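Each remark here refers to the structure printed beneath this line.
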Amino acid sequence: MPKIVDHEKRREQIAKAMWRVILDKGMEGATVRNIAEEAGLSLGALRHYFSNQDDLLVYAMTLVQERATARIETVVTKNLPPKEMVIAVLLEIVPVTAETRAEMEVWFSFMAHIQHRKDTLAIPEDMILEGVRKLLGHLAASGVLKEGLDFELEIERLYSLIDGIAIHAFFEPERLTSEHVIATIRYHIDSICQN
């Protein structure tokens with residue numbers, strides 16, 4: 001009896017193999033041959049799922065984004081108080097766990113690799129800015145955001161804080177520990193919310 005293969009699971013398996021190769025050998029080591037070997041597949045089997053490295057790259061980036069989105073959706077359904085929900089969502093974006101640290105490393109590697117090819121690849125859109133806008137909108141609608149704040153500037157400030165803290169936590173994990181990242185994000189959200 002022929003073995004039934006779940007093609008979407010196989011594509012995900014290949015993308016995760018690509019992540020492991022990137023984490024171990026960097027983007028320069030993410031060759032189709034190395035990825036196939038890491039996934040336990042032949043080159044032909046890998047090419048059955050992805051016709052070229054660019055297709056695999058875009059899929060792997062999309063998968064990073066989908067995983068973060070799924071975690072965020074789980075947080076949102078927990079019915080937390082507004083401030084705690086916003087903090088919990090933000091902590092799913094920055095590198096404070098082994099999972100988010102690995103995703104961040106892979107994402108940064110992808111972004112550096114495709115910097116000059118954005119026009120030729122169907123790169124997933126960075127949804128952090130829109131997410132920050134929604135989070136601050138939630139705080140405002142919940143009545144906990146301080147009055148008199150410039151909403152647009154606060155969006156830009158929080159967006160910059162999240163991007164900056166993610167970069168620094170990634171490149172300087174000894175200095176900017178997970179605890180420090182959490183405390184910094186909590187401090188900022190406390191500073192723009194009423195008691």
Quiz item: In deg cm²/dmol and to the nearest 500, what is the mean residue ellipticity at 222 nm of the chain if only DSSP H runs of at least 4 residues count, each as -39500 (n - 2.57), divided by the residue total?
Solution: -22500 deg cm²/dmol
Quiz item: Any idea what angle helix 98-114 forms with the longest principal axis of the chain, computed on alpha-carbon atoms, 0 to 90 degrees, nearest 10?
Solution: 70
Quiz item: Where is the GNM fluctuation largest for the chain (alpha-carbon springs, 10 angstrom cutoff): Lys16, Lys78, Lys25?
Solution: Lys78
Quiz prompt | Gyration tensor (Cα) of the stretch 1-106, equivalent ellipsoid semi-axes in angstrom | solution = 31, 17, 10
Quiz prompt | Relative compactness, the stretch 1-51, computed as alpha-carbon Rg over 2.2 N^0.38 Å | solution = 1.15
Quiz prompt | P(r) histogram, all alpha-carbon pairs of the chain included - 10 Å bins from 0, percent | solution = 8, 31, 30, 19, 9, 2, 0
Quiz item: If amide H atoms are built 1.01 Å from N in the plane of the peptide, which residues on other chains or at least 5 residues away come under 5 Å of the amide H of Lys146?
Solution: Cys193, Gln194
Quiz item: What is the stretch 146-195 by shape, rounded, prolate or oblate, if you read a ≥ b ≥ c off the alpha carbon gyration tensor as root eigenvalues and call it rounded for a/c under 1.5, prolate for a/b larger than b/c, and oblate otherwise?
Solution: oblate
Self-check item: Within a Gaussian network of the chain (alpha carbon springs, distance under 10 Å), most fluctuating of Arg71, Arg175, Arg133
Solution: Arg175
Quiz item: Roughly how tilted is helix 151-171, in degrees to the nearest 10 and between 0 and 90, from the longest Cα axis of the chain?
Solution: 50
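Values in this text are rule-based calculations from the coordinates and carry no lab data. Small disclaimer: the values here were computed from a predicted structure and weren't measured.
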